[in-house]
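Accompanying notes for the structure given below.
The values are calculated or read from the model by the stated rules, or taken from the named source; none is laboratory data. Quick caveat, the model's predicted, so the values are computed rather than measured. Using ideal geometry, Cβ is built from the backbone for each residue, glycine included, and neighbour counts are taken over all protein chains shown. Just the protein is used for accessible areas: all its heavy atoms, side chains included, with ligands, DNA and RNA removed. Shrake-Rupley method; radii C 1.70, N 1.55, O 1.52, S 1.80 Å.
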Amino acid sequence: ERGRETVDAQLVKLPVLRRWTIDAGVLAFVQTLAVLLENGINTVEALRLTERTVKNRSIRRALRSATERVLEGDSLSAALTRTGYFPELVLDRLAVGESTGKLAPCLRDIARHYSVLHTRRLHQLVRVMANAVLLFAFAFVGFLAYAIVSAVLRVSSSFHF
């Protein structure tokens, strides 16, 4: 368990994986919270249930402290601001949703945006990995062809007529 927490804490610090990890956590959070709020569960209980859906333990710990701040009287957007994981645009949209009383539709809209963004990044990653595998295969085949040709030339140069 401690090892998992250490790995998760490092994932949010690595430059390449930071954005991916945080966006996945934000997506899971807003999707689940939107569904729970739309189905009539109160905000505090929805936050408690939602924090369990985030896989990264570091983000989950920050969400737990945000839930405690909401219990103390902070607004959701103010509590999530202190986590450091939520982008400003998401926090602004949450603040607007809270002030207008339409938090669930606002969360649904944020989830839709992050879902599209996450899918786009996944497609880019797959494209890059496919090209890398293809390049490796070409290099390997080229190495094998070079090895075979050089072996044949070495053997043929050793024959004397």
Could you identify which residue out of 119, 32, 53 has the top mean-square fluctuation in a GNM of the chain using Cα springs shorter than 10 Å? 119
Counting heavy atoms of the protein chains only and a 1.4 Å probe, report the per residue accessible area for the stretch 1-145 as a whole number of Å². 61
From the residues 43, 106, 22, which one has its Cα farthest along the dipole of the chain in the positive direction, the dipole being from +1 and -1 charges on Cβ of Lys/Arg and Asp/Glu about the Cα centre? 22
Given (i) -0.85, -1.08, -1.21; (ii) -0.76, -1.01, -1.18; (iii) -0.68, -0.99, -1.23, which label gives log10 I(q)/I(0) by the Debye sum over Cα atoms at q = 0.14, 0.17, 0.19 Å⁻¹ as computed from the coordinates? (ii)
Summarise the long-distance tail of P(r) for the stretch 52-111 by giving the % of C-alpha pairs beyond 18 Å. 35
Please give the calculated 222 nm ellipticity per residue for the chain, where each DSSP H segment of at least 4 residues contributes -39500 (n - 2.57) and the sum is spread over every residue; nearest 500 deg cm²/dmol? -28000 deg cm²/dmol
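Treating the beta-carbon of each Lys and Arg as +1 and of each Asp and Glu as -1, no other charges, what is the dipole magnitude of the chain about its Cα centre, to the nearest 20 debye? Provide the component values of the computation, followed by the final result.
Numbers: 22 positive and 14 negative charges, 108 e Å.
The dipole magnitude comes to about 520 debye.
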Would you be so kind as to identify which of 53, 151, 124 lies farthest towards the positive end of the dipole of the stretch 1-151, taking Lys and Arg as +1 and Asp and Glu as -1 on Cβ and the Cα centre as origin? 151
Projected-area mean, the stretch 92-154, by convex hull of Cα positions, square nanometres: 5.1
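So what is the diffusion coefficient of the stretch 1-91 in µm² per second by Stokes-Einstein at 4 °C and 1.567 mPa s, using a Kirkwood Rh over Cα pairs?
97
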